[in-house]
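*Asks:* I have a structure here, written as structure tokens, and I will follow up with some questions on it.
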Amino acid sequence: MKIERIELREISMQLKQPFETSFGVTHHRRIVLVELSADGISGWGEVTAGEGPYYNSETTDTAWHIICDFLAPAIVGKKFNSAEALGAAMTPLRGHEMAKAALETAAWDVEARSRNISLRTLLGGTLEDLPSGVSLGIYNDTGLLLDRIALELAAGYRRIKLKIKPGHDVNVVKAVRDAYPNIALTVDANSAYTLRDVATLIELDEFGLEYIEQPLGWNEIYQHAELQSRLRTPICLDECIHSLDNARAAVELRACGVINLKLGRVSGHSEARKIQEYCKHNGVPVWCGGMLESGIGRAHNIAMSSLPGFVMPGDVSASARYWDEDIIEPEVIVTSQGTISVPKGPGIGFEAKRELIEKLTVRSQEFVDD
Ligand code: OSB
Ligand code: MG
């Protein structure tokens, strides 16, 4: 593919409800979208960075800077044999996985569309219906949290994940477990604890959780190994895993029993596919995380989750849980069985709503081959 044009835009999208994690509250998303055109075909990708550097070190603005000043100039006008080769061309640039992933995933959409096949087929996906779970932010009122869980379960979702932080953990998990003794339940701390909190984390062992997600330092695999040796509940790593090498280190050190895969965090489909392959081979369950994405990021998550290593329900849920109107057609829907069906159409299998995207755009930048 010869890259003829890259269009970068920042869109502004209001979440239906604020989402609170141990690192802060998000009301409103500033999302960077990439449209990549090659050989007359265009594909879409999304930067999944947050507005501030609290989940990882990237932000909406660092991604804008890195794409405009380094990545887009390195790619526009060049020819690549595959999306994977385009991704490889960005490896000399250190870090900034989410900025890279936006371009890399857009290139996978282009490659699939140019062959008139679905991205699922191009990636080698086998699953057709994906089990879907929900991630619920921190609720100060546990009664409201229980009401929300009742609604999500009635809608069919297969797993409930609760955000926790110090002081808002064992008490909340106990209340939910008492109300729902048998549901698949998990917690996610987003790195809010240290090894000094081991006693609290050991208390969580009593609740039959599927896993405890990222309790310790955002880039600290070794300490998770120390913690895992003291817990029966598997640790699931999220923030720590940026590459196949990180996944291998975490599994070999026994720092986790489960991995949350996020396309942005691992720089795109190529690396994500290698990680799920490694995990499948080593019996480590993998599931697809979310970053409060618009429909474009959500569509890529769905394609990735069709790979055979994705054996646990993911955080990818219906568009309508986040947005009054999503930017893709059709929107992502979840069946009453709690599943998302992987689309069969070309590329990501969803179409970008260009008029709506235009209305939501706050800035844009074009790179053309001259
Ligand atoms: O840790 O999985 C996380 C949202 C923003 C940043 C980090 C995380 C999350 C979520 C929400 O848990 C997942 C979603 O519904 O998109
Ligand atoms: Mg997480």
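*Asks:* Residue by residue through the stretch 36-56, note down the ones that are away from ligand 2 (no atom under 16 Å from the Cβ), of a type in the set (S, T, N, Q) and buried (at least 20 other Cβ atoms within 10 Å of the Cβ).
*Replies:* Result: S37, single match.
*Asks:* Right, next: Name the residue, out of A74, A85, A112, A150, that is part of a helix (DSSP H, G or I) and open to solvent by less than 30 Å² (accessible area, probe 1.4 Å).
*Replies:* Details: A74 fails: open to solvent by less than 30 Å² (accessible area, probe 1.4 Å); A85 fails: open to solvent by less than 30 Å² (accessible area, probe 1.4 Å); A150 fails: open to solvent by less than 30 Å² (accessible area, probe 1.4 Å).
Going through A74, A85, A112, A150 in turn, just one is part of a helix (DSSP H, G or I) and open to solvent by less than 30 Å² (accessible area, probe 1.4 Å): A112.
*Asks:* Could you list, ordered by first residue, the pairs with Cβ atoms under 7 Å in which the first is in the stretch 264-289 and under 25 Å from I67 (Cα atoms) and in contact (Cβ under 8 Å) with a residue 60 or more places away in the chain and the second is open to solvent by 20 Å² or more (accessible area, probe 1.4 Å) and among the acidic types (D, E), at least 6 apart or interchain?
*Replies:* Pairs found: G264/E97; R265/E97; V266/E97; S267/E97; S270/E84.
*Asks:* Please specify each residue of the stretch 306-335 satisfying the condition of being within 26 Å of T233 (Cβ to Cβ), away from ligand 1 (no atom under 16 Å from the Cβ) and open to solvent by 10 Å² or more (accessible area, probe 1.4 Å). Can you show your working first?
*Replies:* So in the stretch 306-335, the residues within 26 Å of T233 (Cβ to Cβ) come out as 307-317.
Okay, now just the ones that are also away from ligand 1 (no atom under 16 Å from the Cβ), so 307-309, 311.
P308, V311, listed by residue number.
*Asks:* Can you tell me which residue is nearest to the chain's Cα centre (by Cα) among those in the stretch 241-266 that are more than 16 Å from ligand 2 (Cβ to nearest atom) and either open to solvent by less than 10 Å² (accessible area, probe 1.4 Å) or of a type outside the set (A, V, I, L, M, F, W, C) (or both)?
*Replies:* S243
*Asks:* Does at least one position in the stretch 97-104 carry a residue that is surrounded by fewer than 16 Cβ atoms within 10 Å (Cβ to Cβ) and assigned to a helix (DSSP H, G or I)? Quick ask: steps written out before the conclusion?
*Replies:* First, pick out the residues of the stretch 97-104 that are surrounded by fewer than 16 Cβ atoms within 10 Å (Cβ to Cβ): none.
No, the stretch 97-104 contains no residue that is surrounded by fewer than 16 Cβ atoms within 10 Å (Cβ to Cβ) and assigned to a helix (DSSP H, G or I).
*Asks:* Give me the residue from the stretch 170-223 that is of a type in the set (F, W, Y) and either part of a strand (DSSP E or B) or free of Cβ contacts under 8 Å to residues at least 60 places away in the same chain (or both) and, out of that set, surrounded by the fewest Cβ atoms within 10 Å (Cβ to Cβ). Let's see the steps before the verdict.
*Replies:* Keep residues of the stretch 170-223 that are of a type in the set (F, W, Y), which gives 180, 193, 207, 211, 218, 222.
Filter once more, keeping what is either part of a strand (DSSP E or B) or free of Cβ contacts under 8 Å to residues at least 60 places away in the same chain (or both): 180, 193, 207, 211, 222.
Values: Y180: 15, Y193: 23, F207: 17, Y211: 24, Y222: 13.
In this case the residue turns out to be Y222.
*Asks:* A further question on this structure: I'd like the full set of residues that are surrounded by fewer than 24 Cβ atoms within 10 Å (Cβ to Cβ) and closer than 18 Å to I275 by Cβ, limited to the stretch 292-305. It would help to see each step written out before you state the result.
*Replies:* Step one: filter the stretch 292-305 for residues surrounded by fewer than 24 Cβ atoms within 10 Å (Cβ to Cβ), giving 292.
Result: no residue meets the conditions.
*Asks:* Tell me whether the stretch 16-34 contains one or more residues that are touching a residue at least 40 places away in the same chain (Cβ under 8 Å), closer than 15 Å to Q365 by Cα, surrounded by 20 or more Cβ atoms within 10 Å (Cβ to Cβ) and of a type outside the set (A, V, I, L, M).
*Replies:* Taking every residue of the stretch 16-34 in turn, none turns out to be touching a residue at least 40 places away in the same chain (Cβ under 8 Å), closer than 15 Å to Q365 by Cα, surrounded by 20 or more Cβ atoms within 10 Å (Cβ to Cβ) and of a type outside the set (A, V, I, L, M).
*Asks:* So P131 fits all but one of (1) part of a helix (DSSP H, G or I); (2) surrounded by 15 or more Cβ atoms within 10 Å (Cβ to Cβ); what number is the exception?
*Replies:* (1)
*Asks:* Still on this structure: Regarding the stretch 250-266, can at least one residue be identified that is in a loop (DSSP other than H, G, I, E, B) and within 13 Å of ligand 1 (Cβ to nearest atom)? Steps first, please.
*Replies:* First pass over the stretch 250-266, keeping only residues in a loop (DSSP other than H, G, I, E, B): 253-257, 262-263.
In the following step, the residues that additionally are within 13 Å of ligand 1 (Cβ to nearest atom) were identified as 262-263.
Among the residues of the stretch 250-266, at least one is in a loop (DSSP other than H, G, I, E, B) and within 13 Å of ligand 1 (Cβ to nearest atom), which makes the answer yes.
The values are calculated or read from the model by the stated rules, or taken from the named source; none is laboratory data. Remember, it's a predicted structure, so these values are computed and weren't measured experimentally. A quick note on method: Cβ atoms are made from the backbone with ideal geometry, for glycine too, and the neighbour counts reach across all protein chains shown. Side chains included, ligands, DNA and RNA excluded: accessible areas come from the protein's heavy atoms. Shrake-Rupley method; radii C 1.70, N 1.55, O 1.52, S 1.80 Å.
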